[in-house]
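The values are calculated or read from the model by the stated rules, or taken from the named source; none is laboratory data. None of the values given here were measured: they were computed from a predicted structure. Heads up, the Cβs are rebuilt from the backbone with ideal geometry, glycines too, and the neighbour counts pull from every protein chain shown. When the accessible area is computed, the model is the full protein with side chains, heavy atoms only, and any ligands, DNA or RNA have been set aside. Shrake-Rupley method; radii C 1.70, N 1.55, O 1.52, S 1.80 Å.
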Amino acid sequence: MTVDAPPRGLVLVVADEPAAADLVRLHLTRDGFGVHLERDGAVGLAAVRRLRPVVCVLDVALPGLAGTEICRRLREAGDRTPVIFLTTRDEVDRVVGLGLGAEDHVVKPVSPRELIARVRVALRRAAGASGADDRARTVGPVTIDPTRRTVTVAGVPVPFTATEFDLLAHLMARPGRVCTRAELLAGVWGYAVHAGTRTVDVHVAQIRAKLGGAAGVIRTHRGAGYAADADLRPLPGRHHRHRPPSS
């Protein structure tokens, strides 16, 4: 079902559980979004390309084509439409760890209020309307450009997802200051600590992997949180070669 002339844009929902899909559609519609609903992954991929939604909400497990595969194909084709996965608790780490370029995930059973909050955050990121200072910043060999939303390590460009960029930018805007996981959840994802701090840890791990030898720019402060620091001493238990990763 598609709602005509949605004031806040069209959201494509691809989910094969009728009750959950209808609940998501109902609440997104109430919040001013148009909603197009599909239940098959292959049909859903075609709908993304045909309808050009502002956000895609994809169940991970779908008939025809998995939600993760839809996201992968979109990113490989250069389509940066924000994607939010609907996952079971057991799927969370696998989905986040895949590094597919999704903006976020919501654990089922879905909280409509939480989903709407994450859709809004994804749209704000996509529009570049975070209101953050747009000056380029450098910590150690890592430089971010908020205007172009680019990351370079020793001058070499490194591709980041929107969420990874926002997390790194939040830390680098406060060099040396320890940011708690709760603060990062609120400032980057836009929701409260009850959503689970594991999300922060997984994304920090992904960022460090992409930074390669510069991974030490993000320091862990046990029991407190994370900070951006130009001190590139090796992280405990890890050995880094101080050279930028290949792009």
Pairwise label distance in nanometres, residue 108 with residue 17, each label 7 Å out on the Cα-Cβ vector: 0.4 nm
Net lengthening on full extension, residue 30/residue 180 (0.36 nm per residue, minus Cα-Cα): 50.6 nm
Long-range HN-HN contacts of residue 86 with modeled amide H, under 5 Å: 58, 59, 60, 106
Nearest-0.05 FRET efficiency for residue 49 and residue 220, computed from C-beta distance (R0 35 Å): 0.30
The range 23-121: trypsin sites (Lys or Arg not before Pro) in DSSP loop, at most 16 other beta carbons within 10 Å: 80
Heavy atoms of residue 160: accessible area, 1.4 Å probe, square angstrom to 10: 40 Å²
Contour minus Cα-Cα distance for residue 230 and residue 126 (0.36 nm per residue): 34.6 nm
Label-point separation in nm, residue 42 to residue 72, each point 7 Å along Cα→Cβ: 1.7 nm
